[in-house]
Amino acid sequence: MTRKVADCRNTPSVSGCTLTISGEEEEVVRAAVEHAISVHEHTDTPELRQMVRDSLQDEKAPV
């Protein structure tokens, strides 16, 4: 299974957040949503979860 990555640097924010989360897809979605709520003051909605899921990228293997 390919690991997934959520990277705050890919989403503009006023805080300039640089957090990157990687792992299995469900782990990353859960952690990224919790981060979005606690740090970026988003509300936990199905739309937020889908936005996070849609933004995930495959983790690139080190060269």
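Observations, loosely collected:
- Calculated mean residue ellipticity at 222 nm for the chain: -12000 deg cm²/dmol, from DSSP H runs with n ≥ 4 weighted as -39500 (n - 2.57), summed, divided by the residue count and rounded to 500.
- Residue of VAL52, VAL28, VAL39 that the Gaussian network model of the chain assigns the largest fluctuation, springs spanning Cα pairs under 10 Å: VAL39
- Remark: spin-label model distance GLU26-ASP58 equals 2.2 nm, labels positioned 7 Å along the Cα→Cβ axis.
- Here the extension length gained between GLN50 and ARG3 equals 15.2 nm, from 0.36 nm per residue of separation less the Cα-Cα distance.
- Calculated semi-axes √(5λ) of the Cα gyration tensor in Å (choose from (1) 15, 13, 11; (2) 19, 14, 9; (3) 47, 23, 5), label: (2)
Readers should treat all values here as calculations from the given coordinates under stated rules, not as data from a laboratory. Because the structure is predicted, anything quoted here is derived from the model rather than measured. Heads up, the Cβs are rebuilt from the backbone with ideal geometry, glycines too, and the neighbour counts pull from every protein chain shown.
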